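A short worksheet on the structure shown next.
The values are calculated or read from the model by the stated rules, or taken from the named source; none is laboratory data. Only a predicted model underlies this, so the values are computations on that prediction, with no experimental measurement involved. All Cβ positions, glycine included, derive from the backbone under ideal geometry; neighbour counts span all protein chains shown.
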Amino acid sequence: MSDFYNHNFREYHKKTFSVDMSSVLIPLVRRLDSKKACMLDVGCGSGRDLLWFKQQGFQVTGFERSPGLAELARKNVGCEVIADDFELYDFTNLSVDAILLMGSVVHVPHEKFEQIFQNIMQALKIKGYVLISLKEGRGKRTDNYGRVFYLWRDETLRKIFSDNRFSVLEYFRQTSKIGTDEIWVAYILRKN
């Protein structure tokens with residue numbers, strides 16, 4: 001799976017970097033003080049959303065598994081980008097006000113999702129916010145590149161969030177912004 005992003009990082013950057021995600025990002029911005037808030041973008045890709053948040057005045061840090069994408073993010077944004085695997089990384093070393101998971105956990109199998117979510121959330125301060133987006137559906141789907149996408153139902157995600165002491169503050173549902181007919185769901189969460 002990760003080989004796609006390691007070998008195709010330039011093509012992935014070209015396909016995704018110019019996509020305007022502000023309609024999904026603005027609701028999170030309204031909840032944060034840009035002069036004080038620190039944000040961690042896990043699975044930041046080449047830095048599209050990191051750059052947008054930096055331009056809004058936030059202190060941003062990226063986290064990306066693909067070394068090529070991590071390097072592009074550093075160049076595009078001019079901020080720290082940790083190149084590591086979110087399954088293995090010790091997130092207790094970080095302390096942030098908000099975590100962005102924009103499509104970054106779509107390849108995580110259902111049975112591993114909660115454990116990985118818990119690991120990443122160790123970086124979040126109490127009363128911190130999370131913006132997470134995933135693909136809607138049942139089961140999983142493999143694309144033409146061999147990437148496996150795990151699909152989610154709203155009620156399943158809400159139970160996981162609740163079980164991990166997160167409140168759902170907002171919920172969005174929209175068609176993919178890169179021209180496919182896939183439905184994405186996004187949630188703004190608050191850590192209780």
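Here's the yes/no breakdown for (1) free of Cβ contacts under 8 Å to residues at least 24 places away in the same chain; (2) out of contact with any strand residue (DSSP E or B) (no Cβ under 9 Å at 6 or more places or on another chain); (3) closer than 21 Å to Leu28 by Cα:
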{"residue": "Gly45", "(1), (2), (3)": "no, no, yes"}
{"residue": "Leu50", "(1), (2), (3)": "no, no, yes"}
{"residue": "Lys54", "(1), (2), (3)": "no, no, yes"}
{"residue": "Gln59", "(1), (2), (3)": "yes, no, yes"}
{"residue": "Ser66", "(1), (2), (3)": "no, no, no"}
{"residue": "Phe86", "(1), (2), (3)": "no, no, no"}
{"residue": "Phe91", "(1), (2), (3)": "no, no, no"}
Next item on the list: State all residues of segment 117-133 that are at pLDDT 95 or above, crowded, with 18+ Cβ neighbours inside 10 Å and not in a loop (DSSP other than H, G, I, E, B); if no residue qualifies, say none.
Entry: Phe117, Ile120, Met121, Leu124, Gly128, Tyr129, Val130, Leu131, Ile132
Note to self: Among the listed residues Ala123, Ala98, identify the single one that is more than 19 Å from Leu169 (Cα to Cα) and in contact with a helix residue (DSSP H, G or I) (Cβ under 8 Å, 6 or more places away or on another chain).
What the structure shows: Ala123
Next item on the list: Please state which of the following conditions Asp181 fails to meet, knowing it meets all the rest: (1) at pLDDT 90 or above; (2) over 22 Å from Phe58 (Cβ atoms).
Entry: (1)
Next item on the list: Take the residues in segment 73-95 that are surrounded by 20 or more Cβ atoms within 10 Å (Cβ to Cβ) and β-branched (Val, Ile, Thr), then tell me which one is nearest to the chain's Cα centre (by Cα).
Entry: Val81
Next item on the list: Please enumerate the residues belonging to segment 142-192 that are among the aliphatic types (A, V, I, L, M) and either surrounded by 12 or more Cβ atoms within 10 Å (Cβ to Cβ) or closer than 20 Å to Ala123 by Cβ (or both).
Entry: Val148, Leu151, Leu157, Ile160, Val168, Leu169, Ile183, Val185, Ala186, Ile188, Leu189
Next item on the list: Could you list, in sequence order, all residues of segment 142-178 that are β-branched (Val, Ile, Thr) and either modelled with pLDDT of 95 or more or not in a loop (DSSP other than H, G, I, E, B) (or both)?
Entry: Thr142, Val148, Thr156, Ile160, Val168, Thr175
